[in-house]
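Take a look at the structure set out below.
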Amino acid sequence: MAEQRPSVQEMIANAGAKRNRKTLEKAIPVVLFIIAAISVLTTLGIVFTLIVETFIFFTEVPFFSFLFGTEWLPFSNTEARFGILPLIVGTLKVTFIAVIVAVPLGLSAAIYLSEYASDTARRIIKPILEVLAGVPTIVYGYFALTFVTPVLQQFIPELKIFNAISPGIVVGIMIIPMIASLSDDAMSAVPNSIREGALGMGSTRLEVALKIVLPAALSGILASIVLAMSRAIGETMIVSLAAGSTPRFDGQFTDSIQTMTAYIVQVSTGDAGYGTTIYYSIYAVGFTLFLFTLVMNLLAQRISKRFREEY
């Protein structure tokens, strides 16, 4: 039986389809490059804006008094002071408490999910845990102000309504899913043959988890902790609602404090006019915050490469 040959119209249509596919294949990398370039240019635009506005601020405020000053009094009626150390100390107080809360709980959850949970339990618990990451931070803020602080005042009578402890605890709760999920992924990537070998040598499951799997996944775990710390440093709404607006350069955790992000919110909501020194100060604070998070992210990448295990 003779093979049926395509008609001239079909051959023209096939040739056109091939040309369209080739054109599409050539266009896709160009479109993707433009999308990637827009992301990069947006980031560069943000950094450029921060640098320009920060430079204007430093034409009015000496750089060293900003960097090493221990008083942050921008709204003073006598002499405004722009020493950023009280804002940095407030930010570090909240971050410190958040890390104390989040690291043990997040790692414990990761160890359970990776080493003990059945597939059914893992499929149920992990999505629920990750839902915490989707809760709006303003909800966490009101939770810290209206629930956590009154409870803590039962045990710490001198605790003020605005303080560093309750927002620190709630920020820690907020970053638990980040540590638990990323650490679980890192521990799950450890080959089962290593676990089986350790169990075959007589190790218990706890010993395998703590002495074999945890060190093997150390790069991913440390990176998750550093990224979570970066998230805690940049948190805004929780500290704006529950930490107060009193910049303090001391070691008190029970009194009102102010973080860098909380100050930016305070000024951005209308406490200063456009073009004033106070207005430009939010860019200087924002640039400082940007440097903090940039260093933390670079540190996470460095740790991830330094302690990475190849299997």
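The values are calculated or read from the model by the stated rules, or taken from the named source; none is laboratory data. Small disclaimer: the values here were computed from a predicted structure and weren't measured. In this analysis, Cβ positions are derived from the backbone assuming ideal geometry, glycine residues included, and neighbour counts consider all displayed protein chains. To get the accessible areas, we keep the full protein, side chains included, count just its heavy atoms, and leave off ligands, DNA and RNA. Shrake-Rupley method; radii C 1.70, N 1.55, O 1.52, S 1.80 Å.
Does the stretch 164-197 hold any residues that are in contact (Cβ under 8 Å) with a residue 12 or more places away in the chain, among the small types (Gly, Ala, Ser) and part of a helix (DSSP H, G or I), and which are they? Passing the criteria: Ser166, Gly168, Gly172, Ala180, Ser181, Ser183, Ala186, Ser188. Only one entry in Thr42, Thr54, Thr23 is polar (S, T, N, Q) and in contact (Cβ under 8 Å) with a residue 12 or more places away in the chain, namely Thr54. Of all the criteria given as (1) touching a residue at least 40 places away in the same chain (Cβ under 8 Å); (2) outside any helix (DSSP H, G or I), the one not satisfied by Pro6 is (1). The listed residues are Ile12, Ile28, and the only one of them that is among the hydrophobic types (A, V, I, L, M, F, W, C), open to solvent by 100 Å² or more (accessible area, probe 1.4 Å) and over 27 Å from the mean Cα position of the chain (by Cα) turns out to be Ile12. Annotation: of all residues in the stretch 50-82 being among the hydroxyl-bearing types (Ser, Thr, Tyr) and within 19 Å of Ala272 (Cα to Cα), the one that is surrounded by the fewest Cβ atoms within 10 Å (Cβ to Cβ) is Thr78. The single residue among Phe249, Phe290 that is surrounded by fewer than 23 Cβ atoms within 10 Å (Cβ to Cβ), under 18 Å from the mean Cα position of the chain (by Cα) and at negative phi turns out to be Phe290.
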